[in-house]
Amino acid sequence: MRSLLEAGGKRAPFLRWSALRMAFGMRHLMREWQVGDGREDALADYVLAHACPGDVSDAIRAVDEFCYQRSVMMNVGDEKGLILDTAITRAQPSRLLELGTYCGYSALRAARVMPPGAHLWSIEFAAANAEIARRIWDHAGVADRVTAVVGSLGDGGTTLDCLSNDHGFAEGNLDFVFIDHDKAAYLPDLESLLKRGWLHRGTVVVADNVKIPGAPKYRAYMQAEEGRMWRTTEHPTHVEYQTLLKDLVLESEYLGQP
Ligand SMILES: C[S@@+](CC[C@H](N)C(=O)[O-])C[C@H]1O[C@@H](n2cnc3c(N)ncnc32)[C@H](O)[C@@H]1O
């Protein structure tokens, strides 16, 4: 059945078995942030075996190939990844922050299009996921431009303090944020960044999965602040690695405090 559904490694217009397997594993996923069948470790093994060392584009290709031909993963994926690439290319950020590393796929995409000298810090509270991402980044040759920080912005200040004390986060020096972690944490974590004063006029914030699984409070906040604190473009798109389910990516430019 799988070879029929996933023929040619193209986005299938219907749900795939490995996506259903992921849905069945939802409880495990929400607890451990891994599907529970070893697909995350298998992905790292696959990239190390099939992508040219030091070639970030080939690492991205290998991840997508694995996701089309073997197991679906909750990466931003190739279709939504293009929206992320374009936003970074337009913004030309020097300091980037990602919330939700998983296996490091979106960070690979960011590293490929970031301007020279830019750096991405990626926050991930599952240490096992951060380790998998580091293996892939090392292999792809981007480890000097991407740092995984194990933690969570909602941990009472520990991770935020770590970012300011150990990684140079300071008033107005954060240029780009990619939000792709716990959907209920999108808005509170953005508010924490605002409270620290790290954003500046022109900082761009991109949020994945605003339709599925959905971040309704985040979307409502951006709608309420349109033209005041934020200017937002909503990008209609699809859930990763298929074309049946629609998703929404929000790209918001910070206008400063009104
Ligand atoms: C959708 S995946 C990220 C996908 C990744 N951005 C990509 O496109 O390759 C979400 C990740 O966020 C992590 N996560 C969930 N809630 C978190 C939180 N509150 N703080 C930090 N990481 C979190 C999960 O462990 C999981 O690895």
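The values are calculated or read from the model by the stated rules, or taken from the named source; none is laboratory data. Source: prediction; values computed, not measured. So basically every Cβ, Gly included, is an ideal-geometry build from the backbone, and we count neighbours across all protein chains shown.
Structure data summary
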quantity: Filter result for Ala126 (in contact with a Gly (Cβ under 9 Å, 6 or more places away or on another chain) and in contact (Cβ under 8 Å) with a residue 12 or more places away in the chain); calculated: no
quantity: Looking only at segment 139-176, and only at residues there that are under 30 Å from Leu48 (Cα atoms) and touching a Pro at 6+ places or on another chain (Cβ under 9 Å), the one that is surrounded by the fewest Cβ atoms within 10 Å (Cβ to Cβ); calculated: Gly141
quantity: Residue match in segment 228-251 (condition: part of a loop (DSSP other than H, G, I, E, B) and among the basic types (Lys, Arg)); calculated: yes
quantity: Segment 82-98, residues that are touching a residue at least 24 places away in the same chain (Cβ under 8 Å), surrounded by fewer than 23 Cβ atoms within 10 Å (Cβ to Cβ) and within 13 Å of the ligand (Cβ to nearest atom); calculated: Ile83, Asp85
quantity: Residues satisfying the stated conditions in segment 103-139, i.e. in a helix (DSSP H, G or I), hydrophobic (A, V, I, L, M, F, W, C) and within 13 Å of the ligand (Cβ to nearest atom); calculated: Ala107, Leu108, Ala110, Ala111, Ala127, Ala128, Ala130, Ile132, Ala133, Ile136, Trp137
quantity: Enumeration of residues in segment 205-234 that are crowded, with 19+ Cβ neighbours inside 10 Å and either within 16 Å of the ligand (Cβ to nearest atom) or not assigned by TED's automatic domain parsing to the domain that holds Leu174 (or both); calculated: Val205, Val206, Ala207, Asp208, Asn209, Val210, Lys211, Ala215, Tyr218
quantity: Hits in segment 194-227 (condition: over 23 Å from Asp85 (Cβ atoms), assigned to a helix (DSSP H, G or I), touching a residue at least 24 places away in the same chain (Cβ under 8 Å) and basic (Lys, Arg)); calculated: Arg196, Lys217
